[in-house]
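Each reported figure results from applying straightforward, stated rules to the coordinates on display, with no laboratory input. Please read all numbers here as calculations on a predicted model, not as lab measurements. Cβ atoms come from the backbone with ideal geometry, glycine included; neighbour counts cover every protein chain shown.
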Amino acid sequence: MGHIKRKRPRRGSLAFWPRKRAKRIYPAPNFARINEPKVLGFIGYKAGMSSVVFIDNRPKSPTKGEEVCSPVTIVEAPPLTVFGIRLYGKNDYGMSAIGEVWAEKLDKELARKLRLPKEQKLNLEKLKELLPKATEVRILVHTNPKECGFGKKKPDVLELPIGGSVEEQFNYACSVFGKQLSIKDIFKPGQYVDVHAVTKGKGFEGDIRRFGIKLASHKAEFGRRHRGTMGPITPAVTGWWIAQPGQFGYNTRTEYNKQILKISAPKEFNPNPVSGFIRYGIVKNDYVILAGSVPGPKKRAIILSFPMRKNKLPEQAPEIVHISLKSQQG
């Protein structure tokens, strides 16, 4: 009998390629569109993980009606300040900004970060005259990390789109201009959201950890933690699929359909462990309890948006019976 060649799936995932470092510490995601005039996303800070016991309300679940324990992530969501409105219009290369207005009173740390000009060329009345040329209206917001307890001062700036028609977008932007947005104004408990974040950075790593390729034999000539061939002699080109060492982690990633189990404030429902969240502190503002894990380390900026891939599960928040408040010091 001849030799039987056995096939197997390739070792090492190429699901995300190229493996490169993120450009900044929080991503600029693609937002799912809705017809309602409402901001399409929100940004918060990852406080840490905990566990909750809730009554399972999924209709086809084998544990329906029973108490289920699940890991959750706490994302602190201090209010966002709307400090600008920006209009976009079409051109030969896509879209470009055709006008914008900023609020008069800006945060000192924000002014240092953006270096805005002292005088504005436009106001809301002149901006409205440019509305017929506009194809989209977005708002400029910044976070308020000073209200959190982990010591960050400089706010994170984000441009958020709005749902609805152009006129509805502009009217909504004018209604919130110079004011603060709460997480409760955008999302509701039980809703599913997409989570965008930058993962933990691991630095320079080798082939084994970076791609999960097979460990070589102990008799391998060039070492065990090393790939085999890098390609044929002719053509003398290294393929893009060859596992090589390099930057590992600190990548922009999106996780789809994370359910919001609860949106609350510490005064209404306390999520803080006895000793506070390790390497974060105490949650002081409104927060979101998300089912499962979330990319990134603690204190990392997390962007929530409406789901790009809608599922058929009911958007009803389960009843939380208990949340773990045990000390996380270990």
**Complete:** Conditions (1) closer than 24 Å to residue 295 by Cα; (2) surrounded by 16 or more Cβ atoms within 10 Å (Cβ to Cβ) -> residue 227 fails only (1)
**Item:** Residues (over 29 Å from residue 195 (Cβ atoms) and either of a type in the set (Lys, Arg) or in a strand (DSSP E or B) (or both)) located in region 225-261
**Value:** 225, 227
**Message:** I need every pair where a residue in region 198-221 that is under 26 Å from residue 8 (Cα atoms) has its Cβ under 7 Å from the Cβ of a residue that is β-branched (Val, Ile, Thr) and assigned to a helix (DSSP H, G or I), sequence separation at least 6 or different chains.
**Reply:** 215/208
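Kindly indicate whether residue 138 is of a type outside the set (Gly, Ala, Ser), within 30 Å of residue 308 (Cα to Cα) and touching a strand residue (DSSP E or B) at 6+ places or on another chain (Cβ under 7 Å).
Details: of a type outside the set (Gly, Ala, Ser): yes; within 30 Å of residue 308 (Cα to Cα): yes; touching a strand residue (DSSP E or B) at 6+ places or on another chain (Cβ under 7 Å): yes.
Against the criterion (of a type outside the set (Gly, Ala, Ser), within 30 Å of residue 308 (Cα to Cα) and touching a strand residue (DSSP E or B) at 6+ places or on another chain (Cβ under 7 Å)), residue 138 qualifies.
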**Item:** Pairs with Cβ under 6 Å, 6+ apart, first in region 232-246 and touching a residue at least 24 places away in the same chain (Cβ under 8 Å), second part of a loop (DSSP other than H, G, I, E, B) and of a type in the set (A, V, I, L, M, F, W, C)
**Value:** 243/213
**Request:** State whether one or more residues within region 82-97 are surrounded by 12 or more Cβ atoms within 10 Å (Cβ to Cβ), within 15 Å of residue 159 (Cα to Cα) and in contact with a His (Cβ under 7 Å, 6 or more places away or on another chain).
**Result:** yes
**Message:** Among the residues that make up region 123-135, is at least one of them part of a helix (DSSP H, G or I), under 14 Å from residue 170 (Cα atoms) and of a type in the set (Asp, Glu)?
**Reply:** yes
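Quick check on region 196-224: of everything there that is of a type in the set (Phe, Trp, Tyr) and outside any strand (DSSP E or B), which residue is surrounded by the most Cβ atoms within 10 Å (Cβ to Cβ)?
First pass over region 196-224, keeping only residues of a type in the set (Phe, Trp, Tyr): 204, 211, 222.
In the following step, the residues that additionally are outside any strand (DSSP E or B) were identified as 211, 222.
Details: 211: 21, 222: 9.
Among them, the one singled out is 211.
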**Asked** Restricting attention to region 274-281, does a residue exist that is within 23 Å of residue 67 (Cα to Cα), in contact (Cβ under 8 Å) with a residue 40 or more places away in the chain, in a loop (DSSP other than H, G, I, E, B) and in contact with an Asp or Glu (Cβ under 9 Å, 6 or more places away or on another chain)?
**Response** no
